[in-house]
1. Between their Cα atoms, which of Lys142/Lys172; Lys30/Lys74; Lys226/Lys295; Lys30/Lys221; Lys221/Lys288 are more than 19 Å away from each other?
2. Using R₀ = 51 Å, calculate the FRET efficiency as 1/(1 + (r/R₀)^6) where r is the Cβ-Cβ separation of Glu254 and Gln146; round to 0.05.
3. Please give the per residue volume of the convex hull enclosing the alpha carbon atoms of the range 209-248, rounded to a whole number of Å³.
4. List residues of the range 240-272, by number, whose backbone nitrogen lies under 17 Å from a label position 7 Å along Cα→C-beta of Ser302.
5. How long are the three semi-axes of the equivalent ellipsoid of the range 87-128, in whole Å, if each is the root of 5 times an eigenvalue of the C-alpha gyration tensor, listed from largest down?
6. I want the antiparallel fraction of DSSP beta bridges within the chain, as a percent rounded to 5.
7. Tally Lys and Arg at +1 and Asp and Glu at -1 over the other residues with C-beta under 9 Å from the C-beta of Asp117: what net charge comes out?
8. Highest mean first, how do 294-306, 206-218, 276-288 rank when packing is the count of other Cβ atoms within 10 Å averaged over residues?
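We did not get these values from a lab; they are worked out from the coordinates using the rules stated. The model shown is predicted, which means the values in this text are computed figures rather than measured ones. Here the Cβ positions follow ideal geometry from the backbone for every residue, glycine too, while neighbour counts run over all protein chains shown.
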Amino acid sequence: MQKRTLGRTGLPIAPLVFGGNVFGWTADEKTSFQLLDAFFDAGFNAIDTADVYSSWVPGNAGGESEVIIGKWLKGRARDEAVIITKVGSEMGPGKKGLSAKWIMQAVEDSLRRLQTDHIDVYLSHWPDEETPYEETLGAYDKLLQQGKIRHAGASNLNAAQLRAALDVSAEKNLPRYDVLQPEYNLYDRASFDGPLRNLCIAEDIGVISYFGLARGFLSGKYRSHKDLEGSARGSGVGKYLDGRGMRILGALDEVAADTGNTQAEIALAWIMARKGVTAPIASATSLKQLESLAKSAAITLSDEACQLLNEASE
């Protein structure tokens, strides 16, 4: 499988990143190990997680995903895997944000859970208006010098925020955000397409996007509010059940029928084909789902298919 370079980091990654939010949630440890083994055996090499995953599950405190990945890593050569994790979401009272003090503590917690001496890409999970960029980037500078992280990046920044962070890096001679993780899919395009995507391309920033299937809507499984009855995805998917959403599903149906692939596979292949995107993140909770993810990375969409999808999603 041909790998892509993650912006200026120089890291080679396959065109799909495994989303580790399911570990310790909808995938137990045994299943997680099976999924990761199959994912890497298929030629992929990057895992995305965060310190806070999966604190939303009753009885969990956060860190469960990193713990599972750490145990799995013990059976692999460390340089086989690109590990991406994040800091900034609330992990308890006073354990939140991007202050230097919290970053220096949080990274040690993540390293311990991951059972590794370094994190390949460390991301600021959310903007923190209370902490200056200079303080956050200064903490990353120390971690880079110590070898505890290899590259720094950010998630959920808009174009103005990313530009401001890059300017501080240049002015203060501090490390810059070399990776961005935005929400991006056929339906949710507005926050990345335009100024933010243009900035990432101009600055050679690697982009790993999340919610590639729009919380499952782009799989084609949900086409009416009745389909959401009894589903845990009801509140997240309901917003997509409008005229534009139906147009997008119609286009996916047409391309799927032409290619023999599923709607989900086509939706992920569209993201992989977008200029400025290094790789989307996608999760699986079964080997069957994982097989489908692998197929998406082998699809080359025709110009006609891309145009159809682009027009339906505008």
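1. Going by Cα-Cα distance, Lys226/Lys295; Lys30/Lys221 fall outside the 19 Å limit.
2. 0.45
3. Measuring per residue, one finds 66 Å³ for the Cα hull of the range 209-248.
4. The answer is 251-262, 266-267, 270.
5. Over the Cα atoms of the range 87-128, the ellipsoid semi-axes are 18, 11, 8 Å.
6. 5
7. Residues close to Asp117 contribute a combined charge of +2.
8. Descending mean neighbour count gives 206-218, 276-288, 294-306.
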